[in-house]
1. Under a Cβ-Cβ cut-off of 10 Å, what is the net charge of the residues other than B:GLU143 that fall near it, where Lys and Arg count +1 and Asp and Glu count -1?
2. Taking the Cβ-Cβ separation of A:LEU172 and A:GLU229 as r and a Förster radius of 22 Å, what is the calculated FRET efficiency to the nearest 0.05?
3. Fewest first, what order do B:SER208, B:SER119 take by the number of other Cβ atoms within 10 Å?
4. Measuring from centroid to centroid over Cα atoms, what is the spacing of the stretch B:5-40 and the stretch B:156-172 in Å?
5. If R₀ is 51 angstrom, what is the calculated FRET efficiency for the pair B:THR3 and B:ALA30, using the beta carbon separation as r and rounding to 0.05?
6. Across peptide B:62-75, what mean number of C-beta atoms from other chains lies inside 10 Å of a residue's C-beta?
7. Give me the net charge for the shell around B:VAL38: Cβ to Cβ below 14 angstrom, other residues only, Lys and Arg +1, Asp and Glu -1.
8. Could you list A:TRP252, A:TRP143 so that the one with the fewest beta carbons within 10 Å of its beta carbon is first and the one with the most is last?
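A short reminder: the numbers here are calculations on the coordinates, not readings from a lab. Please read these numbers as outputs of a predicted model, since none were measured by experiment. Counting neighbours? That spans all protein chains shown, and the Cβs are built from the backbone with ideal geometry, glycine included.
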Amino acid sequence: MTTGSPSPVRRRSTPEELEALPLVPPAATGLAEVVRRRYLLRMLVRNTIQSRYQGTVLGWTWSYLQPAIRFCLFYFLFQVMVGRGAGMENFAVHLFAGMVMVHFFTETFNGGTQSLVQNRSLITKLAVPREMFPVARMLVAAWHTFPMMVILVFVCVLLGWRPDAAGMAAALLGFLLVALLGLALGLVFSVANVFMRDFGKVAQTLTQFVTFSVPMMYPYTLVQDRFGEPIASYYLFNPMAEAVLLIQRGFWTGTTSDPTYTQALHLPGDLYTRGLVMTLIALVGVVLAQRLFSRLEAKVPERL
Amino acid sequence: MTTMIQVENATKSFTMSYHRSLKQLALAKARGRKTHDVFNAVDDVSFTVQEGEAIGLMGLNGSGKSTLLKLVSGVMRPDAGSVLTRGRIAGLIATGAGFDPQLTGRDNLFLNAAILGMSRNETLRKFDEIVDFADLGKFLDTEVAYYSSGMKARLGFAVAINVDADIFIADEALAVGDRPFKRKCKKRMDEIVKSGVTMFYVSHAPGSVRNLCSRVLVLDHGKLAFDGDVEEGIAFLHYDDDDDEERGKASSDDGLGADI
């Protein structure tokens with residue numbers, strides 16, 4: 001910009017400026033381009049969020065109301081009706097904490113998978129970095145997970161939970177793992193879904209599995225009790241199970257009367273090492289997914 | 001002179017699948033029928049465009065104009081050869097694509113501007129101009145879902161035409177809105193051409209091509225059949241025949257692509 005004004009306002013380039021510009025392919029792509037055009041990303045995310053509650057009187061309150069009601073329901077069912085849910089302390093918290101993670105993952109994964117097909121009209125007509133759409137869906141999912149977190153924290157505090165550094169690190173690591181994993185899968189499935197809509201169905205089926213394959217409706221100890229080794233170790237290879245265990249460490253164990261005892265009883269060893277390794281693998285997964293995405297993406301507009 | 005668009009042996013092929021499900025595919029294979037076909041929508045096209053040129057891209061339906069336009073605008077990438085451009089590309093392509101009907105006109109204005117590559121500052125600077133051009137009055141803060149088709153088109157058009165571009169692309173179907181709006185558009189297009197911006201204009205209307213362009217490219221079945229003077233190009237396509245002449249005049253009176 002040669003305007004010299006403090007605000008970087010763009011004008012039509014002068015002939016000299018034009019000459020200085022490189023001759024390049026017309027549309028830049030890749031995750032780096034998504035970061036460069038973060039203003040557009042922000043607009044997409046904001047507008048998706050806004051349009052969800054368009055026309056409702058309560059507006060964004062719904063995003064607090066819905067999970068709050070769900071939590072009350074669980075609390076009533078497991079704490080009051082069943083009575084200390086299968087002998088576990090604060091089972092409702094255990095369940096809800098797991099749901100937060102699972103919700104974040106399924107919305108990132110399913111939303112990401114549908115993102116290219118849903119934005120068909122835009123993608124086939126205008127040049128935008130197409131990685132933008134799965135990334136936007138991940139951020140939208142994160143935004144919708146936030147109210148659930150608020151409710152979780154609120155309930156935990158009522159139950160006498162106080163944050164501890166190790167627990168917070170665990171929860172953060174869990175979210176990072178889910179974000180990366182969901183993004184990697186979202187990227188791959190979004191582009192695969194363009195070529196074969198079957199992948200959308202596969203994604204839906206996979207997310208159903210996730211609900212049952214994580215220690216949320218049952219404690220991890222149940223897996224060990226029922227199946228023993230080596231199945232319990234295989235179970236832990238599931239990154240979603242790991243992420244849910246991490247958030248249990250962050251919130252649920254802290255609400256029980258003896259957190260150290262609960263941790264020793266209901267959480268596997270090497271929780272952090274495992275989490276770190278899986279997060280790194282997920283990061284590599286994102287890089288690989290991006291590679292695959294850019295290879296297949298060239299054919300996307302004509303197949304939509 | 002700076003080269004603004006450089007297209008070298010660009011080829012874009014499309015695959016036509018006749019069968020989608022596994023069963024159909026297996027049946028077709030068993031009966032020895034073709035399961036898919038490949039054709040080149042743009043076939044080995046080469047040309048360069050210098051700064052300040054106004055190119056009219058013409059051709060019959062299905063000759064590959066839109067595909068070539070998509071290659072230049074970056075929506076599609078060539079399967080072979082290369083397409084290189086300089087600076088920002090914008091213009092009247094798919095105006096209003098990406099509108100979210102649930103959002104207000106104002107929100108969609110900002111969203112659309114962002115999609116076209118404008119920053120927030122730039123949008124704010126152009127805001128009044130865009131709103132003025134779209135002439136939506138108090139409907140600006142109404143959801144786009146309640147807009148009439150003309151209003152929607154005007155808003156999309158107003159955003160697109162106000163993006164500062166180094167290469168200005170315009171696709172047909174500019175016949176939006178009523179007569180006064182068309183007049184306004186034509187005036188604006190003339191201004192853009194006069195400002196010396198490089199222009200890439202797809203049209204069937206000889207009148208508006210004559211009006212706006214300094215050079216014509218004609219595509220025929222994906223191949224570049226003609227590249228040169230405007231009158232010769234129009235004659236090459238036989239678009240200057242008998243009653244077409246009159247229509248051309250009529251459309252040049254109206255401005256943009258009125259003969260649809």
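1. Values: positive: none; negative: B:ASP100, B:ASP107, B:ASP141.
Taking every other residue near B:GLU143 into account, the sum is -3.
2. 0.15
3. Neighbour counts put them in this order, fewest first: B:SER119, B:SER208.
4. What the calculation gives is 34 Å, centre to centre.
5. Details: r = 53 Å, r/R0 = 1.03.
Working from the Cβ atoms, E equals 0.45.
6. 3
7. It works out to a net charge of 0.
8. A:TRP143, A:TRP252
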